[in-house]
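Asks: Below are the structure tokens for one structure; questions will follow.
The values are calculated or read from the model by the stated rules, or taken from the named source; none is laboratory data. Keep in mind that what you see is a predicted model, and the values were worked out from it rather than measured. FYI the Cβ positions are ideal-geometry reconstructions off the backbone, even for glycines, and counts take in every protein chain you see.
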Amino acid sequence: MFDLSQFEKVPVFSPDNQIGIVLSLSLAEVIEDPTQPRTEFDSEELAKLAADIGHRGVQSPIAVRPPIDGVYQIIHGARRFRASGLAGLHTIPAIVQSDEVAFDDYSQVLENTQRDSLTPLDIARFIQKRKVLGESNSQIARNLSEKPEWVTYHLALIDMPNDVQQAYDAGKVSGAKATYELRKLHSKDPEAARQLIESDEDITQVRIREVSVPVKMKVAGDKAVKPPQRSEPIPEPSIVKAEEVIKAAETKSLVSPRVIGIFQGHPVQVLVSLKPKESGYAWIINQETTEQMEVLADQITLSRIEENRP
């Protein structure tokens, strides 16, 4: 006779035959990725998702890596995982993925940005992590299907001045571009930025630019060359020979000029021979890493212009 009891046993799956199929995993067997880009979870949105999951269940399986010692690490779905716990569920549908190239931390950022659920600060911290690993702004932008300036805007959220940080935390300024503009204003005129932050106005990109206009005019005025104050009569101008004028002009001309500046705290050379994609941009080369990149021209602080000598 057949031993029918064998058919009553729960099948044991090996990692190989779990790949790509939907499993019902115990929440106790699942952990979050400690290096995931998401660091901020909106408690109200999480509560709403938990209520929906409690009513309808988890509609889309989470993605996890193959188990290690019986524990699955989340690739995508940290919000659904947390909300399931809040909803009192004991299991969650999951698909095991094994391709580490296709499901690396870039895929985590892309999946979340496409769902519009990563905060700008989450993205900024991810970009900072990739830069620590040696990746350039252009590499990161390319991997995220974004423009280089998008990376620049988000990096402005790292180590913000206290006033800007408080405005961001309070929700008075949101979005990487607006925060970037506010930080730029703060670097030029901290008092003007502080007054805008403390006002009841909406801190939008348009309003920041409006405040920035008089600041730029003030800076330009401060830098204007004032005529010298003389207490003695101005002497009669001496006659200068034409050949002396030509010689003086020759000494001030650069045969092969080299423009040196600072970009995000790093010494750079402006590559004036390379044409930018549009007005407002410039090509630079990082003198420390020799990385070339196209950046917003107003983010480059010029230091000097000198003769380019071999």
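Asks: Condition first: of a type in the set (D, E, K, R) and farther than 17 Å from M293 by Cβ. Now tell me which residues in the stretch 124-143 satisfy that. Lay out the reasoning, then the answer.
Replies: First pass over the stretch 124-143, keeping only residues of a type in the set (D, E, K, R): 125, 129-131, 135, 142.
If the condition is that a residue be of a type in the set (D, E, K, R) and farther than 17 Å from M293 by Cβ, then R125, K129 are the ones that fit.
Asks: Give the residues of the stretch 138-156 that are touching a Ser or Thr at 6+ places or on another chain (Cβ under 7 Å) and over 17 Å from R183 (Cβ atoms), sorted by residue number. Lay out the reasoning, then the answer.
Replies: Filtering the stretch 138-156 down to residues touching a Ser or Thr at 6+ places or on another chain (Cβ under 7 Å) leaves 148, 156.
Scanning the stretch 138-156 gives a single hit, P148.
Asks: Applying the selection to the stretch 98-139, what residues are assigned to a loop (DSSP other than H, G, I, E, B), surrounded by fewer than 18 Cβ atoms within 10 Å (Cβ to Cβ) and at pLDDT below 85?
Replies: If the condition is that a residue be assigned to a loop (DSSP other than H, G, I, E, B), surrounded by fewer than 18 Cβ atoms within 10 Å (Cβ to Cβ) and at pLDDT below 85, then S98, D99, E100, V101, A102, F103, D104, R115, D116, S117 are the ones that fit.
Asks: Out of everything in the stretch 262-288 that is within 20 Å of the chain's Cα centre (by Cα) and in a loop (DSSP other than H, G, I, E, B), what residue ends up being surrounded by the most Cβ atoms within 10 Å (Cβ to Cβ)?
Replies: For the stretch 262-288, the residue satisfying everything is Q264.
Asks: Within the stretch 24-44, can one find any residue that is in contact with a His (Cβ under 9 Å, 6 or more places away or on another chain), among the hydroxyl-bearing types (S, T, Y) and at pLDDT below 90?
Replies: Checking the stretch 24-44: not a single residue is in contact with a His (Cβ under 9 Å, 6 or more places away or on another chain), among the hydroxyl-bearing types (S, T, Y) and at pLDDT below 90.
Asks: Being more than 13 Å from D33 (Cα to Cα) and at pLDDT below 90 narrows it down to one of S60, S84, so name that one.
Replies: The conditions single out S60.
Asks: Being in contact with a helix residue (DSSP H, G or I) (Cβ under 7 Å, 6 or more places away or on another chain) and either assigned by TED's automatic domain parsing to the domain that holds K277 or part of a helix (DSSP H, G or I) (or both) is the filter here, so list the residues in the stretch 147-165 that pass it.
Replies: P148, W150, V151, T152, Y153, H154, L155, D163, V164 - these are the residues of the stretch 147-165 that are in contact with a helix residue (DSSP H, G or I) (Cβ under 7 Å, 6 or more places away or on another chain) and either assigned by TED's automatic domain parsing to the domain that holds K277 or part of a helix (DSSP H, G or I) (or both).
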